[in-house]
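Asks: What follows is a structure written as structure tokens; I'll ask about it next.
The values are calculated or read from the model by the stated rules, or taken from the named source; none is laboratory data. The structure displayed is predicted, hence computed values, not measured ones. Methodologically, a virtual Cβ is constructed for each residue, glycine included, from the backbone with ideal geometry; neighbour enumeration extends over all protein chains shown.
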Amino acid sequence: MAQIDAFFKLVNEQAASDLHLAAGKQPILRVRGELERVKYKTLDNDTLRAMLYEITPEHKIKIFEETGDVDFAYEIPGLARYRANFFKQKDGVAAVFREIPSRIMTCAELGLPPVISRLATLPRGLVLVTGPTGCGKSTTLAAIVDEANRTRKDHIITVEDPIEFVHVSQKAVINHREVGMHTRSFAAALRGALREDPDIIMVGEMRDLETIDLAIEASLTGHLVFSTLHTSSAAKTIDRIIEVFPSDQQPQIRSTLADGIRAIVCQSLFRRLDSGMDQLDRVAALEIMVATPAVRNLIRERKTFQIPSALQTGKKYGMQSLDDAIMDLLSKKRISPEEAYAKCNDKGKFLQFLKRPPADFTEA
């Protein structure tokens, strides 16, 4: 057993989401969204480096030494997988590990609206799950892919950096590919995937213009494509994708995106006030945009600013705004008014629930 495994067992026991290790500091866990120091000695650079290198593949060590950053996945059989990021800082090396549960929770277990599981039944198109870092995008996406795996006789290819949730083939056949190990880049994997007879392609993240362009192309050639972006609303997601392209290409991309997009799910994660032994300690609020003909016309006609109104009128299709989802959680006393205010879009709507002035005076 590697020396660092003792910390991973502590992560699991404390139901922490992340482990922070840095030279010159004590180990730190993120529990229910907040950082908590572990009662352990301050880590010196040489000790921590040896501890980290014990679990790191040789080629990843070389990349880290040359660049100062590296990502990979580490697994403890029977416990969990961990997404690792190493980086160099003033006092030496540092690392952050995110726990990835070995069991993939279903959409129902996560408490997601029924329309989310229905996304796995789509025959083709582009589905995006967006939100800030640490909001549970990977967990939601894994649940959707799991639904497809259990219900469809299809070929599913995932491209990630690194591989996070590991799906075991059920009705579907699943092949996992890791950037840097099994393929050179997301874009290279997507180009290759079009020749590998896939029905569903899951791209861990649309990081650059080429990957975004290929993902849209794949969605228009009979494939169902899932991916993620770091955006906070459906309208901003559409704008972000289009703005990646040169201005002379944007009208064409706007049209092709309108044809290919099927849904956008933007989520934010909250500490749950009513959690118990049989419940999750975090709960997600979701903005859901379903690409109806009316929504596609808004995209084509450069009227993305009207998408929030379309969400209000599209409730029969399963659409909802982020603020409505947050308000629902707040009214059920599942989340605090302070956190609801901090993560909502329309601050004025939630200001009345605060007992004290907002912490961020720039938004008052």
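Asks: Looking only at the range 214-232, decide whether some residue is in the same structural domain as Thr139 (by TED's automatic domain parsing), surrounded by fewer than 19 Cβ atoms within 10 Å (Cβ to Cβ) and under 20 Å from the mean Cα position of the chain (by Cα).
Replies: yes
Asks: Is it true that Pro198 is at pLDDT below 95 and assigned to a loop (DSSP other than H, G, I, E, B)?
Replies: Considered against the rule, which asks whether it is at pLDDT below 95 and assigned to a loop (DSSP other than H, G, I, E, B), Pro198 comes out as no.
Asks: Residue by residue through the range 277-332, note down the ones that are in contact (Cβ under 8 Å) with a residue 60 or more places away in the chain and on the phi > 0 side of the Ramachandran plot.
Replies: Gly318
Asks: Given the residues Ala143, Ala120, Ala94, which is the only one that is surrounded by 19 or more Cβ atoms within 10 Å (Cβ to Cβ), outside the structural domain of Thr231 (by TED's automatic domain parsing) and either outside any loop (DSSP other than H, G, I, E, B) or touching a residue at least 12 places away in the same chain (Cβ under 8 Å) (or both)?
Replies: Every option except Ala94 fails the conditions.
Asks: Being surrounded by fewer than 14 Cβ atoms within 10 Å (Cβ to Cβ) and either basic (Lys, Arg) or part of a strand (DSSP E or B) (or both) is the filter here, so list the residues in the range 10-47 that pass it.
Replies: Answer for the range 10-47, where residues must be surrounded by fewer than 14 Cβ atoms within 10 Å (Cβ to Cβ) and either basic (Lys, Arg) or part of a strand (DSSP E or B) (or both): Glu34, Leu35, Glu36, Arg37, Lys39, Lys41.
Listed here are the residues, each with its yes/no results for (1) assigned to a helix (DSSP H, G or I); (2) under 21 Å from the mean Cα position of the chain (by Cα).
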{"position": "Ala285", "(1), (2)": "no, yes"}
{"position": "Met289", "(1), (2)": "no, yes"}
{"position": "Ile307", "(1), (2)": "yes, no"}
{"position": "Ala310", "(1), (2)": "yes, no"}
{"position": "Met327", "(1), (2)": "yes, no"}
{"position": "Leu330", "(1), (2)": "yes, no"}
{"position": "Ala340", "(1), (2)": "yes, yes"}
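Asks: Another question, if that's okay. Within the set of pairs 6 or more residues apart or between chains, which connect a residue that is in contact (Cβ under 8 Å) with a residue 12 or more places away in the chain inside the range 38-51 to a residue that is among the basic types (Lys, Arg) with Cβ atoms less than 9 Å apart?
Replies: Short answer, once both residue conditions are applied: Thr42/Lys25; Leu43/Lys25.
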